[in-house]
Every structure is written in C-alpha cells, then in structure tokens.
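See below for the structure under consideration.
The values are calculated or read from the model by the stated rules, or taken from the named source; none is laboratory data. Nothing here was measured: the structure is a model prediction, and the numbers come from that model. Here Cβ is always computed from backbone atoms with ideal geometry, including for glycine, and neighbour counts include all displayed protein chains. Heavy atoms of the whole protein, side chains included, go into the accessibility calculation; ligands, DNA and RNA do not. Shrake-Rupley method; radii C 1.70, N 1.55, O 1.52, S 1.80 Å.
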Amino acid sequence: MPEYHDVIGGASSSNGYSNGSYLNSYVNGASEMNGYRNLNGNSNGNSNGSQNGSNGLGHPNGANGHRDALSSTVSNGRSDSATNGHFGGTEELYDLICVGFGPASLAIAIALRDRHTTARVLFLERQAQFAWHAGMILPGSRMQISFIKDLATLRNPRSEFTFTNYLHQKNRLVAFTNLGTFLPLREEYNDYMSWCASHFDDYVRYGQDCISVAPVGSSGRPVTSWEVTSRDIGSGEVSRLAAKHVVIAVGGKPKIPNAFPSPLDPRIIHSSGYSTQVPKLLNDNNKAYRIAVIGAGQSAAEIFNDIHSRYPNSRSQLIIKGSALRPSDDSPFVNEIFDPSRVDTLYTLPADIRRESIAQDRATNYGVVRLELIERLYDSLYHQRLRCDNASSWPHNIVTLRDVVGMEENKLGQVYLKLRNTRTGETEMTTGFDAVIIATGYVRNVHETLLKPAKSLIKGDSCTVGRDYKVKFREGTVAEDSGVWLQGCCESSHGLSDTLLSILAVRGGEMVDSIFGKETEQRLEIKSQHASVIEKSVKKYADAMVRDILNGMGINEKQMEMA
C-alpha cells in the first residue's frame, strides 16, 4: 500500500534521547545466566530486574537503591550526580544509545523488551514528548497500512505491544472489529505508538538535540566506544555520554524548494507543521483567507481537502507540477515490495539495477495520492462546477503544470508566488496568499552531520551500511563489538520501505540481533529453565505460607487431605 505519511521520521523522530535507565534483566540475577553482561551497577549485586522480572525490564529508580544509568552513586534509589553527562572519569559505558525516539527506535525498544535483553540502553529525543507526525494528524485521516504491520506483530504476534493488545487494554477491541477495516485512524495509531512509548518513559531523555557522534579510542587502536553529545533544548546545557553501540534514527528534515528563503517566512509552513502552526497563523476560522498548497502527494492532497472544512470561507489553490493528481498503486502484488523479506532481495542487487528497481516502484509512495481521496476532491470540485461554470471564480482550485520558481512579499505580509509553466516555460505571478503550505517531503541526511567527527574512519566518500544497517568503517578502525547503525536513511540500499512503518517490527528484531547477537537455542533454553526454577520456588513459598496459615487455624495436612 502507499505509505506516504506512514513514515518513521518527519516531525516525530527528528532526534531522540533518553533519561538514563536501562533495559535490563529477565529476572533477578538472570543476566549472568543468559550470557549478557550486567552493567547495571546495582548496589545489591543483582541484575536490575527484580521488580519487573516477568517483563524483562527492571526499573532503574526503584526503592531498592538500583543505580540510575546516568549516575555513579546511589541516593534514595536515584542519583543525579552524572546528569550533566560530562564524559570520562569513572562513568560507565552504555551498551546502546539511540539518537531519536520515533517509531524506529521505539520498535527497537520493544524488541529488547520482548527478548528480555540485559543491557544499559538510553534513548535521546529532541521533542518534549513522544509524538508521530503531530502536524499531520488531520480529522478523519486514516493509516495507509494494515494495523497488523504494527510495531510488534510481524516479529512476535504474542508481544504485549501489538495493536490488538493496545485495543484490548483500551477496551476498544470489539468496537474496532465492528468497523470492518484494517486501517485505523491516524489519530488512533498515534495514540497506539504513544501508549507503547509510555512503557519506556524511564529510558528516554526528551528535549535533547543531538550534536555529534564521535569515536573514542587511543590513536592507532580500534574504536571501542562513541561519545554522543547533545544539548538540552530548554536549558542549553551540553551533555556527553559514552556507548559501545549507537543507533542514529533521527528521521528527516523538511525539504524546502530553492524558491523559498531559509529560514522560512512565518507565512510559509512545511506540511509537517500544518495542523500545529496554521491555526496560530490563521486564527479566524470564518475569515476569507487565501491559501496555497504546493505538492502533488498524499500530504498536499490531505491538506488541500482539510482547508475546505477548516476555513469554509477561504479560497485555496493546490499547485502541482504535473497535469493531474496521480493515484498510488496499492494493488496486492505491487504492495509486496514492502514485505520485510524483500529487503534481502533488493540489497543484494547490483547498484544500478537496485536504483532502477527503486525508481520503478516510486509510484507506490512518492508524488501520488490514494484513489479514494482523489475521488473525494474531484467530487468537491464538481459541486463547484455545478454552481458556476467559470472555474476562475471557484473558491478551491487545482493549478496544474506549474512550478514555483520565486516569491515576493508585500507590505501587508501577503506572499506572491512566481510560477513557471512546466510545458511552455512561461512565468506568471499569483495574487497574494495569507499562507503557503509546502508539502514537498523530507531530506534524510542528518546522520552525515552527526558523524562528521568520524569522517576519517568511514569507508568511501559517504556513509554506506551493510545489510544489518551497520555503518561500514575502514577495516581495523572500529572494534568488532562496537559500531554505529543507521535507521530511516538507507532507502538507496534497502529500498522504499526503509523510511516507512511496514518493516519496523521485523527490523527492530534484526537490529537487536545485530547489536547484541542472535538469541541462541541454548540461551532460550537457559531462560526457560530459570523461569521454571522461579515458578517452582514461588509455588514452594506459597505452599509453605498456606501450611502456616492452616496450622495457625488448628488444621493439619491430614485433615485437609480427608476434606
């Protein structure tokens, strides 16, 4: 299915950071048994999972004095002695720091929880709280993928983080079933992901803008760890943390056409901020605003459609380069390009064939609109035609074959656009607009800026990754048990699904396997045996308690057997 909006980046996962906790052990003390290193530093010497042993995630700030992942001392179960994050000294390494806590990193967190992995993990997030494309949660807008492609189901249908379990926990499972659809409202899916994210609040530091990811190591020796530097958006305070492994999943930054200035004029808004910024700029819903929308994809069409109801007296234009809005191809066979298994096939293709294959499939995701929305827009325009034959007087119009090549602003703040006819080359100026919405997609190159300190180690002129998304560094420069992984910026090597939600569940598991090693049958068997030991111990303890209670009541075991 087309998934233009159902992406992992954009407004929600621009960066991502964590509040110093650990994703840790399966049960109390289990980390040594299952072969994972215990770096929790608990004051009682046990793995930090005693409170939540059943779900494999111990709380870092519990009353038993477990040490906070950012702390070096214990004080009432929590210490803030290292919250400034100054690197060096005796501060312990994180096993993993994820830069960005959008859907991609959230899928990794869920895979770690499902696997009961013992590790010190930190997520850093630029936003103040978890949100997924907050600027495009429009009334009535639906997902473009099945809810089965959630953050867990395709990897582990029994996970507590499936969309089905979310509905069950919210007491809406039966009601949702009655809808007869595989496509939830985008508002509901955002709530689902926020619900998932809420389980990891202790492991995320929000409001952090990541500055760099730099190698740490002695000259001439392989890099064994990485220094992650971030700035608190509120206070401006800079923190430096160290990790053996780093995942960069920062999403995309708005793509702005050359015709527009940088920074943008306040009246020019990228689609990622539409529903949050436009109401502030155009704060009178009954006013006859003039609004332009630029773009021919799903975002542009949804915004153009939303303007009709949000501002009933407005006049709007949808400006597109082509001759018409094009429908996305969501037919079953074509939709198989988003299957997780297709990543293997595409990655192994020769580079030129891979580029051609991706280009052929672009109609599933870029510059296209779902047919249902196209038909709705056509119906709306037809009603205007019914009332008036003169198209120039219609309040809402689609202007085709036009490319925006310039802009001007008058003294009243209105924006005039210079348009070039894509067929004739002739140019023209529009009338003034009160707001211009740019729905022109995203650029996904933030990782290149973050990794500048490691440029001398990178193999080739730009970042390339292996099938497991691990950055390829020059041979011998980075230790085997250390590295950097990229998420959401590998479309050229891993295909169109790289920036979308479809493969997140499976990819999250693959990332955990790549970083911490695959689960072996032996480890799984040890976990099973350990769980059985605990179950027997609990039963023995419970039986003893029952006997004590009965004895206190003057009832012995023989009397109970006779009863």
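Values as computed for the structure displayed
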read-out: Glu356 paired with Val334, simple spin-label distance in nm, labels 7 Å along Cα-to-beta-carbon; value: 2.0
read-out: Highest-first arrangement of 270-283, 237-250, where packing means the average Cβ count within 10 Å; value: 237-250, 270-283
read-out: Order by protection proxy (mean Cβ within 10 Å, highest first), peptides 176-188, 433-445, 105-117; value: 105-117, 433-445, 176-188
read-out: Gained length - Ser341 relative to Lys455, 0.36 nm times residue gap less alpha-carbon distance; value: 37.9 nm
read-out: Formal net charge of residues neighbouring Asp434 (Cβ-Cβ distance under 9 Å; K, R +1; D, E -1); value: +3
read-out: Whole-percent carbon and sulfur share, accessible surface of region 192-267, 1.4 Å; value: 47
read-out: For region 177-217, fraction of C-alpha pairs farther apart than 13 Å, in %; value: 72
read-out: Cβ-Cβ FRET estimate between Leu183 and Asn551, R0 fixed at 56 Å, reported to 0.05; value: 0.40
read-out: For Phe176, net neighbour charge (Lys/Arg +1, Asp/Glu -1) across residues whose Cβ lies under 14 Å away; value: -1
read-out: Point-to-point label distance, Val238-His199, nm (Cα→Cβ direction, 7 Å offset); value: 3.8
read-out: C-alpha center-to-center spacing [region 126-145, region 192-248] in angstrom; value: 24
read-out: Surrounding net charge for Gly273, when Lys and Arg each add one and Asp and Glu each subtract one, Cβ distance under 13 Å; value: +3
read-out: Cut-off 17 Å (backbone N to label point 7 Å along Cα→Cβ of Thr477), residues of region 242-281; value: 246
read-out: Euclidean distance of C-alpha centroids, region 266-337 and region 458-511, integer Å; value: 33
read-out: Computed Kirkwood radius, in angstrom, where 1/r is averaged over Cα pairs of region 331-466; value: 20.2
read-out: Lysine pair count for region 386-477 [Cα-Cα under 30 Å; pairs on different chains or 8 or more apart]; value: 6
read-out: With eigenvalues of the C-alpha gyration tensor scaled by 5 and rooted, region 164-237, Å; value: 42, 16, 11
read-out: Inter-label distance for Arg172 and His383, nm, one decimal - labels placed 7 Å from Cα along Cα-to-Cβ; value: 2.7
